[in-house]
Amino acid sequence: NWKLTNYIDHQIQAIKEKVGDKKVILGLSGGVDSSVASVLIHKAIGDQLTCIFVDTGLMRLNEGDLIMEAYGKHFDINIIRVDAQERFLSKLKGVSDPEKKRKIIGHEFIEVFDEESAKIENASFLAQGTIYPDVIESQSIKGPSATIKSHHNVGGLPEDMKLELLEPLRELFKDEVRKVGVELGISPDLVYRHPFPGPGLGIRILGEVDAEKVEILQKADAIFIEELHKNDLYNSVSQAFVVLLPVKSVGVMGDERTYEYTCVVRSADTIDFMTATWSKLPYEVLEKVSNRIINEVKGINRVAYDISSKPPATIEWE
Ligand code: XMP
């Protein structure tokens, strides 16, 4: 694609000129925007770029390893991985209100990020995966990644750290960012993943969050996503995931009575995420997902399918 390679070459040149021999920090979340930004900037300035990846411990199964493999190993990008699950979980202890959980996660994210970036000496630039819709719609601030954008944009960086912003994707729409990502050699599987909310599993575990529930939900969610891929359905739905309810119900397994959690399988079809319908997934696929979750995930003995549209329901459960 001539136009695309032209754009990329032009941006690489512009980044080189702007940065010179200075150092750049980037908050890598594994989402499309920050990932594409990191690969693009790395192409331009190599090891002058350091990415900070805050693993909240509220991400999908093996997500942290996947990010390190896909960007650290494959592209040889300098990534500092911060395993911060304990910090996040201790802050979330006893909290069940969804908005409070969002605030805590967003706040903690910034704390960890600031601590880590302060350790990087002589950094001059803060790179961000800001895209065009973020620029025109800077009000729609939802998750940690967006929060960090606003936070740093309003000059909330550590006092002694005066970083200039580097935002090479500012002119692009999401679909263009994806194309740039593929052109740069990022696996299409990564670039075309469903959106994942900043607060992650923190808002997909209803009510109080703890390590055990995170583990249960990660396993159940991974099974659902795997089955969608196997049945060639992943790319035909807009967003799919599993939600863990703080509800236990009675079941039977062999001769034993069980008393375990209930999870909800959610899949939404939408164009703009403002309105959505539930995906009419084939019964056989739902049956397989349910059987596998109940058989393979200790702690869940009942699976429900969400058949609510947005509005009045939302796509997420919190
Ligand atoms: P709802 O649940 O409002 O979700 O129908 C619409 C889209 O927004 C995502 N979402 C979030 N993304 N931080 C994020 O970064 C959040 O707090 C958040 N809440 C919802 C949701 O996954 C869906 O794609």
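Number of residues in the stretch 267-318 that are of a type in the set (A, V, I, L, M) and at pLDDT below 95: the value is 0. Could you tell me whether N1 is more than 22 Å from P195 (Cα to Cα), touching an Asp or Glu at 6+ places or on another chain (Cβ under 9 Å) and surrounded by fewer than 17 Cβ atoms within 10 Å (Cβ to Cβ)? Taking the combined requirement at face value, the residue satisfies it. Counting the residues of the stretch 271-318 that are over 16 Å from A220 (Cβ atoms), near the ligand (Cβ under 9 Å from one of its atoms) and hydrophobic (A, V, I, L, M, F, W, C) gives 5.
At least 1 residues being closer than 20 Å to S187 by Cα is the threshold, and among the helices (runs of 4 or more DSSP H) wholly inside the stretch 5-106 those reaching it are 32-45, 63-67.
Could you check the stretch 208-220 and list, in sequence order, the residues that are touching a Ser or Thr at 6+ places or on another chain (Cβ under 9 Å) and either closer than 21 Å to D272 by Cα or within 16 Å of the ligand (Cβ to nearest atom) (or both)?
Of everything in the stretch 208-220, just one residue is touching a Ser or Thr at 6+ places or on another chain (Cβ under 9 Å) and either closer than 21 Å to D272 by Cα or within 16 Å of the ligand (Cβ to nearest atom) (or both), namely V209.
Residues that are of a type in the set (V, I, T), under 23 Å from N231 (Cα atoms) and more than 16 Å from the ligand (Cβ to nearest atom) within the stretch 242-270 are absent altogether.
The values are calculated or read from the model by the stated rules, or taken from the named source; none is laboratory data. What you see is a predicted model, and the numbers here were worked out from it, not measured in a lab. All Cβ positions, glycine included, derive from the backbone under ideal geometry; neighbour counts span all protein chains shown.
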